[in-house]
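Structure first, then comments.
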């Protein structure tokens, strides 16, 4: 059976190259096609730039993929890979674009391949907004080795912005056997080491960077070993990086010099970042955390990490991984603050689901319906928003969701999010909004979900409506909508709306189409944040519940009519 195309919104999350690289890497690993649209749509220069195009064409060559949209400025890419082919490759970004970010896209597909690979990458090795080559060498690769990915990198020539021209040689062992990560605590004696470098600039600049860093660290009661080096490069540049290692777990912090930026400021940026990290007592620095999400998601079992700062890159990578793999995950901590990540990974595989496979999804507790379930079933049958019972098979139970249902709810959300029909939601978000959800159970299995989200005193929305594939056409979706309408009426909510790609379904349940501008609460709360805000292709529908607003001191009265 042909693998369905995973559709990814390239403007989600951080809205940059991270979405593209993550989606392409997962496509290559799974052997499944992907379509990425709205690539970097909100950037000043939208669409593919040289380093993004190099990552795409590199994976295309590695997998002999069928591709569409592989050109500078393209905002849509279609990528259909064949199996990964391990061997020697050479890729040139052609500018000072980051070689480390190209490596980020191809590393795991080659690490999980059946043999070793050797990669020569030409471009920027120490450039803004990307991990420097020293970070890959000193932090990322040692940590990845601990979870089963073995690779080494040699920096043959440094490449600074704007000249580029750096060269990395990367050797990837292949046949990686991933192990769950547990990077929660740092233990053991702390050692700080580093390098202060210049290329085609006076050595004194590197010495000033080193001296300022040592001065700051000494004031905090810390010692460090910082080497000074003059790097070979086509262009000029300066660089400082410090690595703090405890118990074999490294963390890295770096900064680049630029015209008009004193050497002392370079050092201050690095030391401040390192000291903030040490105060947080986290396992992973912010840059390491987001680069570990993908291998954790691809590893069978539970992986955990803590980080000194939750970043938008981390959230984005996890969001895309969940869309592709459906892996349950939980994030604690707000963006910009210390936090933790727990992921139930899915061992990498390239498979196509056969018909009926959906019905074999994990169940959320198999048990005999109790009194609460019988009451819920009766409520479905006697709903003031009736549905033809001839449509429903074998005693479905529609009830309010419980905490134990959340993993099954996320399975459904992730599956339909991957098809572009629902918005992805993290495990943490589902627990926070658990009271909004209804579930439909058949024989103890969660086969459908819906949620009622309140917007105003007289307005609510039906969200996350989904019925497991193979269970459609039996009235289960209608039963879930009926439960939402009944609850809205009970709460005194007079109007309920939905945004959908399937308006006919809701029209059969008494909804009528309206213009989205008639829903200002929705537009300014949610829609304004959406990448499709200016070109939304969903249809808005609404219906009355018949409920009257509650009188002071009284209860809301549920409506009995169907609009």
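The values are calculated or read from the model by the stated rules, or taken from the named source; none is laboratory data. From a predicted model like this one, the values you see are computed outputs, not experimental measurements. Neighbour counts run over all protein chains shown; Cβ positions are idealised from the backbone, glycine included.
Below is a table of values for the structure above.
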| quantity | calculated |
| --- | --- |
| The range 31-41, subset in a loop (DSSP other than H, G, I, E, B) and in contact with a strand residue (DSSP E or B) (Cβ under 8 Å, 6 or more places away or on another chain), residue surrounded by the fewest Cβ atoms within 10 Å (Cβ to Cβ) | 33 |
| Top-ranked residue of the range 15-27 - restricted to ones that are farther than 18 Å from residue 326 by Cβ and part of a helix (DSSP H, G or I), ranked as nearest to the chain's Cα centre (by Cα) | 18 |
| Elements of type helices (runs of 4 or more DSSP H) contained in the range 189-305, each with 2 or more residues being at pLDDT 95 or above and more than 30 Å from residue 414 (Cα to Cα) | 203-219, 263-280 |
| Residue that is modelled with the lowest pLDDT [pool: residues in the range 495-531 that are part of a loop (DSSP other than H, G, I, E, B) and out of contact with any strand residue (DSSP E or B) (no Cβ under 8 Å at 6 or more places or on another chain)] | 530 |
| Any hit, the range 95-110, residues being modelled with pLDDT under 95, part of a loop (DSSP other than H, G, I, E, B), over 26 Å from the mean Cα position of the chain (by Cα) and within 16 Å of residue 57 (Cβ to Cβ) | yes |
| Residue, surrounded by the most Cβ atoms within 10 Å (Cβ to Cβ), within the range 448-472, restricted to residues that are farther than 18 Å from residue 434 by Cα and touching a residue at least 24 places away in the same chain (Cβ under 8 Å) | 468 |
| Filter result (crowded, with 16+ Cβ neighbours inside 10 Å and touching a helix residue (DSSP H, G or I) at 6+ places or on another chain (Cβ under 8 Å)) within the range 223-236 | 224, 226, 228 |
| Considering residues of the range 419-430 that are part of a helix (DSSP H, G or I) and in contact with a helix residue (DSSP H, G or I) (Cβ under 6 Å, 6 or more places away or on another chain) only, the residue surrounded by the fewest Cβ atoms within 10 Å (Cβ to Cβ) | 427 |
| Filtered residues of the range 168-194 (kept if buried (at least 21 other Cβ atoms within 10 Å of the Cβ) and within 18 Å of residue 124 (Cβ to Cβ)) | 168, 170 |
| Residues within the range 275-314 that are out of contact with any helix residue (DSSP H, G or I) (no Cβ under 6 Å at 6 or more places or on another chain), surrounded by fewer than 20 Cβ atoms within 10 Å (Cβ to Cβ) and under 13 Å from residue 18 (Cβ atoms), tallied | 1 |
| Within the range 42-68, considering residues that are in a loop (DSSP other than H, G, I, E, B) and surrounded by fewer than 19 Cβ atoms within 10 Å (Cβ to Cβ), the one modelled with the highest pLDDT | 64 |
| Residue 105 vs. criteria in contact with a helix residue (DSSP H, G or I) (Cβ under 6 Å, 6 or more places away or on another chain) and at negative phi | yes |
| Test for residue 12: is it in a loop (DSSP other than H, G, I, E, B) and at pLDDT below 95 | yes |
| Qualifying residue in the range 145-155 (condition: in a helix (DSSP H, G or I) and surrounded by fewer than 23 Cβ atoms within 10 Å (Cβ to Cβ)) | yes |
| Residue 139 in a loop (DSSP other than H, G, I, E, B) and buried (at least 24 other Cβ atoms within 10 Å of the Cβ) | no |
| Selection within the range 458-492 - out of contact with any helix residue (DSSP H, G or I) (no Cβ under 7 Å at 6 or more places or on another chain) and more than 16 Å from residue 397 (Cβ to Cβ) | 458, 463, 472, 473, 485, 488, 489, 490, 491, 492 |
| Residue count, the range 252-268 (criterion: under 32 Å from the mean Cα position of the chain (by Cα) and farther than 22 Å from residue 125 by Cβ) | 1 |
| Of residues in the range 76-94 being part of a loop (DSSP other than H, G, I, E, B) and crowded, with 17+ Cβ neighbours inside 10 Å, the one nearest to the chain's Cα centre (by Cα) | 81 |
| All positions within the range 329-348 that are part of a strand (DSSP E or B) and touching a helix residue (DSSP H, G or I) at 6+ places or on another chain (Cβ under 9 Å) | 329, 330, 331, 332, 335, 339, 341, 342, 343, 344, 345 |
| Residue within the range 474-481 that is surrounded by 16 or more Cβ atoms within 10 Å (Cβ to Cβ), assigned by TED's automatic domain parsing to the domain that holds residue 396 and without any contact (Cβ under 8 Å) to a residue 60 or more places away in the chain present | yes |
